[in-house]
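Input: a single structure, listed below in structure tokens.
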Amino acid sequence: MNPKMLISAHVDHEVEEPWATRVDELIRQDREMEAEAQLHHKVKHQLAEAPWPAIEDSQIAVWSRLQALAPREALVKPTTFLPWWSYPAVAAVLAFVLGSGFWLGTHSAPASQNLAELKVQVPGQYSLQLSGDGQLLKVSTMEGGAP
Amino acid sequence: MALFLTIGFALADLPAQEEPLLHLTVVPRILNDAVQVIWEQTLIQDTVAGRPVVVNLEVGSTSVRLTITCYSAPDLSYLIVVQGFVRQGEVAGRNWRTSVQSLIVPAGERVVYFPLGRERRGAKHQMLVELHVEAVLP
């Protein structure tokens, strides 16, 4: 154990015998120990002479310093909502896109997609003659249609 | 954005609610010299008024393409428009002809279309296509 650690207790008369006598001898023999003991005596004396601390005044002073600090910026709630004017703008854009898709669908779809197409391969060999333009007639009256 | 574009595109393909559904029956027939039916085939297609139905007929070297469009009138009659495109013969010396005919018929009336013309002109066989339109009841 380092004897220096006992100096502070020895100055406060808290070291019991025979260690108190031993510390006294060390203080007399060792200059470093003597200086340490004197330092402790000095500090103890100054503390004893110091006025009693004004605890309440200290608390007020500390609190004042804390209040004088720049207030912490309030936490900014992240904006999760768009500005009011953006909703109609977004709706207009979406309506435009929907209408564009509709327009493209009506104008760009290949004709085959809108047509039902039936195919018939007539079996056998038949002698057909292209004699004229096609004719559309009512079965009941055999009246023709207009070209 | 792409989703809305796709939805709009899909909506364009939907039939308008005011367009009635139609039941179209197409019966191509081949007649012999005695005006007897020696071949026929019944084709049925449900369609929407104003939407064309295409029928392709291949008979040997003769190709017939019919585009049939039916429109419904408030008095329950139908306007039938038939566009015929006929191609006959081999590549060299190929004959072809197009025609457009329309006819207003009352509901239930049958019509017949001669894609190669009504006259036989010595041909052994003749082709005709019978059409019948009726509304599809909801």
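In the stretch B:39-63, which residues are facing another protein chain (nearest Cβ under 7 Å) and aliphatic (A, V, I, L, M)?
B:L43, B:V53, B:V54, B:V55, B:L57, B:V59
Looking at (1) more than 11 Å from the chain's Cα centre (by Cα); (2) facing another protein chain (nearest Cβ under 7 Å); (3) farther than 19 Å from B:R51 by Cα, which one does B:L103 not meet, given that it meets all the others?
(3)
Which one of these does B:T67 not meet: (1) in a strand (DSSP E or B); (2) farther than 21 Å from B:I38 by Cα; (3) more than 9 Å from every other protein chain (Cβ to nearest Cβ)?
With (1) in a strand (DSSP E or B); (2) farther than 21 Å from B:I38 by Cα; (3) more than 9 Å from every other protein chain (Cβ to nearest Cβ) applied to B:T67, the lone miss is (3).
Checking B:G117 against (1) more than 9 Å from every other protein chain (Cβ to nearest Cβ); (2) touching a Gly at 6+ places or on another chain (Cβ under 8 Å), only one condition comes out false. Which one?
The number of the failed condition is (1).
I'd like the residue in the stretch B:88-130 that is touching a residue at least 60 places away in the same chain (Cβ under 8 Å) and assigned to a strand (DSSP E or B) and, out of all such residues, is surrounded by the fewest Cβ atoms within 10 Å (Cβ to Cβ).
The selected residue is B:E130.
Residues of the stretch B:81-100 being of a type outside the set (S, T, Y) and within 7 Å of chain A (Cβ to nearest Cβ), which ones?
Result: B:V82, B:G84, B:V86, B:Q88, B:N95, B:R97, B:V100.
Checking the structure you have, find out if any residue of the stretch A:95-107 is more than 7 Å from every other protein chain (Cβ to nearest Cβ), modelled with pLDDT under 85 and out of contact with any Asp or Glu (no Cβ under 9 Å at 6 or more places or on another chain).
Checking the stretch A:95-107: at least one residue is more than 7 Å from every other protein chain (Cβ to nearest Cβ), modelled with pLDDT under 85 and out of contact with any Asp or Glu (no Cβ under 9 Å at 6 or more places or on another chain).
The values are calculated or read from the model by the stated rules, or taken from the named source; none is laboratory data. In this text the structure is predicted, and so the values were computed from the model without any measurement. Because the Cβ atoms are built from the backbone with ideal geometry, glycine has one as well, and the counts that use them run over all protein chains shown.
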